[in-house]
Amino acid sequence: MNTTTYGGVAITWFGHSSILLQWKDLSIYIDPYVLPKNPKVANVILHTHAHYDHCASAPLITGANTVLIGRGCKHAGRDIQVGESVSIGGVVITAVDAYNIGKDFHPKGTGAGFILSFGETKIYHAGDTDEIPEMSKYHCDVALLPIGGTYTMDVFAASRAAAKIAPKIAIPIHFNHIPGTSADPVAFKKLVEGASGGKVGVRLL
């Protein structure tokens, strides 16, 4: 099953970092590099950064009224800055830091993660990032965290990040799709449960 629900928001993972969030009559896609056949048209498309597997053209889900927002993405209709928020259809979308430490794939400022507030429910999509100090300030109910290593956190760093952020639910993404992202989500689950003392649940989609 690649869909779960939390706080009235349906969360669907298509693979890699490609996510669909559905709330009321809104469909919000994040990094739609992987899509199913006959997908729903998007109200909003968010791109975390400029790399091809995140800032992907997605004509199947782009309608006349689709709003595109991104950080440094050539397809973005609006280039959002880290720390900036925008409200669409009652959802507040805030761009937060996402970057590498000690490697050059994602320099600070070139990409972003997003925290989306659906009423009282907050969902965090980390984008391509390492475990960074700013995460201790991110408050959310659900955290979508990359675990593939090489370009992002690996399972060990992502489990520490989950314990630091302390969401109700952590969901691993960005693994086992492109070269250099091999990871074991079951190992991530065990590590998160250990690092958080069982306070953070893990859902494997």
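Test Ala162 against the criterion of being surrounded by 20 or more Cβ atoms within 10 Å (Cβ to Cβ), assigned to a helix (DSSP H, G or I) and in contact with an Asp or Glu (Cβ under 6 Å, 6 or more places away or on another chain), and give yes or no.
It is false that Ala162 is surrounded by 20 or more Cβ atoms within 10 Å (Cβ to Cβ), assigned to a helix (DSSP H, G or I) and in contact with an Asp or Glu (Cβ under 6 Å, 6 or more places away or on another chain).
So is Lys199 in a loop (DSSP other than H, G, I, E, B) and charged (D, E, K, R) or not?
yes
I'm told Gly63 meets every condition in (1) out of contact with any Cys (no Cβ under 9 Å at 6 or more places or on another chain); (2) surrounded by 15 or more Cβ atoms within 10 Å (Cβ to Cβ) except one. Can you identify the failing condition by its number?
Single failed check for Gly63: (2).
If Leu68 meets every condition in (1) of a type outside the set (Val, Ile, Thr); (2) crowded, with 22+ Cβ neighbours inside 10 Å; (3) in a strand (DSSP E or B) apart from one, which number is that one?
Every listed condition holds for Leu68 apart from (2).
If you take the residues of region 165-185 that are buried (at least 18 other Cβ atoms within 10 Å of the Cβ) and touching a Ser or Thr at 6+ places or on another chain (Cβ under 6 Å), which of them is nearest to Ile115 (Cα to Cα)?
Ranking the candidates gives Ile173 first.
Got a sec? Which of Lys137, Lys108 is among the charged types (D, E, K, R), over 15 Å from the mean Cα position of the chain (by Cα) and within 22 Å of Thr181 (Cβ to Cβ)?
Lys108
Does at least one position in region 74-83 carry a residue that is in a strand (DSSP E or B) and of a type in the set (Asp, Glu)?
yes
Name the single residue, out of those in region 142-159 being of a type in the set (Gly, Ala, Ser) and part of a loop (DSSP other than H, G, I, E, B), that is farthest from Phe14 (Cα to Cα).
Gly149
Can you tell me which of Asn38, Asn2, Asn43 is surrounded by fewer than 16 Cβ atoms within 10 Å (Cβ to Cβ) and either in contact (Cβ under 8 Å) with a residue 24 or more places away in the chain or within 16 Å of the chain's Cα centre (by Cα) (or both)?
Sole residue among the options that is surrounded by fewer than 16 Cβ atoms within 10 Å (Cβ to Cβ) and either in contact (Cβ under 8 Å) with a residue 24 or more places away in the chain or within 16 Å of the chain's Cα centre (by Cα) (or both): Asn2.
If I go through region 1-47 residue by residue, how many of them are part of a loop (DSSP other than H, G, I, E, B) and under 17 Å from Ala143 (Cα atoms)?
The number of residues fulfilling the criteria is 6.
Can you tell me which of (1) over 27 Å from Asn38 (Cα atoms); (2) at pLDDT 95 or above is the one Gly102 doesn't meet?
Condition not satisfied by Gly102: (2).
The values are calculated or read from the model by the stated rules, or taken from the named source; none is laboratory data. Keep in mind that this is a model prediction, so the values were computed, not measured. So basically every Cβ, Gly included, is an ideal-geometry build from the backbone, and we count neighbours across all protein chains shown.
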